[in-house]
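**Student:** My questions will all concern the structure given below.
The values are calculated or read from the model by the stated rules, or taken from the named source; none is laboratory data. Just so you know, these numbers come straight off a predicted model, no measurement behind them. Cβ coordinates were reconstructed from backbone atoms using ideal geometry, including for glycine residues, and neighbour counts include every protein chain displayed.
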């Protein structure tokens with residue numbers, strides 16, 4: 001029996017995951033909580049084998065921080081990160097935090113259950129790079145982690161000079177990345193690109 005802790009800040013999804021997993025005899029949901037900040041405490045209370053962790057909550061990546069705390073306290077606990085935002089940066093930061101696997105919320109329940117079983121067997125499941133292909137109008141392209149970071153900072157209100165300081169790169173390098181993004185996607189301004197990327201869920205913008 002695999003004991004699972006579910007961490008998801010959207011109540012409807014939390015209820016859906018909890019209800020659906022009752023249909024699998026080898027999986028038991030020991031707790032379901034909405035606050036990623038309390039996930040490490042919940043692990044100490046319920047001793048799960050696996051944590052299904054939402055990355056984002058309240059506009060921040062609280063799930064990644066929680067993952068790092070859980071893995072530091074008990075490396076034996078498996079953590080599967082899930083998100084609705086297909087950002088390359090999330091995948092890399094999740095790995096750095098110690099996450100064992102990663103799934104998009106668009107995955108089927110069968111895919112979630114299979115991932116839990118495989119992760120408990122010692123496997124690591126990550127999305128294919130092809131899933132990071134983004135569509136802007138008639139154009140299909142892949143934005144790099146750096147380009148996505150610039151889009152997020154721009155969407156948060158930073159100027160080009162402020163972005164350069166934040167990323168420890170020169171103003172000219174910022175301009176290079178922006179021009180490259182616009183050329184790939186076909187947009188005339190960074191504002192147009194940022195709005196479209198946010199609307200499509202390619203970047204997660206803090207409110």
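**Student:** Between 22, 47, which is on the phi > 0 side of the Ramachandran plot and either at pLDDT 95 or above or out of contact with any helix residue (DSSP H, G or I) (no Cβ under 6 Å at 6 or more places or on another chain) (or both)? Please lay out each step first, then the result.
**Tutor:** Working: 22 fails: on the phi > 0 side of the Ramachandran plot.
That would be 47, the only listed residue that is on the phi > 0 side of the Ramachandran plot and either at pLDDT 95 or above or out of contact with any helix residue (DSSP H, G or I) (no Cβ under 6 Å at 6 or more places or on another chain) (or both).
**Student:** A further question on this structure: Please give the helices (runs of 4 or more DSSP H) falling wholly within region 95-207 in which 1 or more residues are modelled with pLDDT under 90 and closer than 30 Å to residue 21 by Cα. Reasoning before the result, please.
**Tutor:** On the way: elements: 109-120, 145-155, 160-167, 171-185, 190-199.
Once the helices (runs of 4 or more DSSP H) in region 95-207 are filtered for at least 1 residues that are modelled with pLDDT under 90 and closer than 30 Å to residue 21 by Cα, what remains is 109-120.
**Student:** Hey, among the residues in region 155-204 that are in contact (Cβ under 8 Å) with a residue 60 or more places away in the chain and touching a helix residue (DSSP H, G or I) at 6+ places or on another chain (Cβ under 7 Å), which one's nearest to residue 90 (Cα to Cα)? Don't jump to the end; show me each part of the working.
**Tutor:** So in region 155-204, the residues in contact (Cβ under 8 Å) with a residue 60 or more places away in the chain come out as 196-197, 200-204.
Keeping just the survivors that are touching a helix residue (DSSP H, G or I) at 6+ places or on another chain (Cβ under 7 Å) gives 197, 203.
Details: 197: 15, 203: 10 Å.
Here the answer is 203.
**Student:** Of all residues in region 13-59, how many are outside any strand (DSSP E or B) and in contact (Cβ under 8 Å) with a residue 60 or more places away in the chain? Step through it out loud before you land on a result.
**Tutor:** Taking region 13-59 as the starting set, the residues that turn out to be outside any strand (DSSP E or B) are 13-26, 34-49, 55-56, 58-59.
With the extra rule that they be in contact (Cβ under 8 Å) with a residue 60 or more places away in the chain, the set shrinks to 13, 17, 20-21, 24, 26, 49, 56, 59.
Going through region 13-59 one residue at a time, the tally reaches 9.
**Student:** Also, quick follow-up: What are the residues in region 2-27 that are touching a strand residue (DSSP E or B) at 6+ places or on another chain (Cβ under 6 Å) and over 15 Å from residue 115 (Cα atoms), if any?
**Tutor:** Matches in region 2-27: 7, 8, 9, 14, 18.
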